[in-house]
Amino acid sequence: MKLLWKLSTWGLLACGPLFAVLMLAGCSSIPSNITQAAPYADRLRVGETVIVDLFFSTGDPIPTHMEPIKEDGTITLPLIGHIPAAGKTPGELQNEIHDLYVPKYYVRLTVTVKSQDRVYYVGGEVKGPGRQMYLGETTVTKAIQSAGDFTDFANKSKVWLTRASGKRIKVNCNKALKDPSQDLPVYPGDQIQVPRRFW
């Protein structure tokens, strides 16, 4: 009996390192280059103001460039012209700008790209109208709730969502509250206007 117990113990001790090696091999089989795509909420949009700073290796900056992303999704920088910006993260745009300047125009250059504070606006018949901080994905009804919700005089069936691009969309919030597919997303720079009902 003792001999059987010793043999089983030795077997476990012998298999332990083999089990550890197999576990590590399994973990290492996950490709190291897999990265999660940045969510759409983190990407730049038409109408959003982009701030671009360029610094030489000496530390001397080029004047800050501040520009809203145009309708065609681009910004325009000295020497390199139009650059697609909409749909990219600030980091992706930063890398692209760097590669367009270096080495064609500059030997060494540091580029930083950021956007202004991300906000949207809710006005009209809500209890707390004004600017709201964009903290992540949200929808028309949630944005209205963040502004204190509807007043008693709100026309909930005819809410206007104006994109940063100027496009206007009518949203029926009565239907949107019942059917999430009709509750449109809100992005930075958007404006929501809740009209007053007349009956």
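Quick rundown of the values:
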| item | result |
| --- | --- |
| Residues that are free of Cβ contacts under 8 Å to residues at least 12 places away in the same chain and either within 18 Å of residue 119 (Cβ to Cβ) or aliphatic (A, V, I, L, M) (or both), drawn from region 143-154 | 145 |
| Residues of region 58-84 that turn out to be under 21 Å from residue 104 (Cβ atoms) and part of a loop (DSSP other than H, G, I, E, B), as a count | 5 |
| Flag for residue 118 being within 30 Å of residue 152 (Cα to Cα), among the charged types (D, E, K, R) and either touching a Phe, Trp or Tyr at 6+ places or on another chain (Cβ under 7 Å) or in the same structural domain as residue 58 (by TED's automatic domain parsing) (or both) | yes |
| Residue that is surrounded by the most Cβ atoms within 10 Å (Cβ to Cβ), among those in region 49-96 that are more than 15 Å from residue 112 (Cα to Cα) and small (Gly, Ala, Ser) | 86 |
| Meets criteria (touching a Gly at 6+ places or on another chain (Cβ under 7 Å), closer than 30 Å to residue 184 by Cα and charged (D, E, K, R)) for residue 92 | no |
| Exclusive hit being in contact (Cβ under 8 Å) with a residue 40 or more places away in the chain and over 24 Å from residue 47 (Cα atoms), set 163, 197 | 197 |
| Search result, residues across region 92-121 that are assigned to a strand (DSSP E or B), β-branched (Val, Ile, Thr) and closer than 20 Å to residue 61 by Cα | 110, 111, 112, 113 |
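Listed here are the residues, each with its yes/no results for (1) under 16 Å from the mean Cα position of the chain (by Cα); (2) free of Cβ contacts under 8 Å to residues at least 60 places away in the same chain; (3) in a loop (DSSP other than H, G, I, E, B); (4) not assigned by TED's automatic domain parsing to the domain that holds residue 49.
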residue: 123; (1), (2), (3), (4): no, no, no, yes
residue: 156; (1), (2), (3), (4): no, yes, yes, yes
residue: 170; (1), (2), (3), (4): no, yes, no, yes
residue: 175; (1), (2), (3), (4): no, yes, no, yes
residue: 189; (1), (2), (3), (4): yes, no, yes, yes
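The values are calculated or read from the model by the stated rules, or taken from the named source; none is laboratory data. Everything numeric in this text was worked out from a predicted model, so none of it was measured. We place every Cβ from the backbone using ideal geometry, glycine too, and count neighbours over all the protein chains shown.
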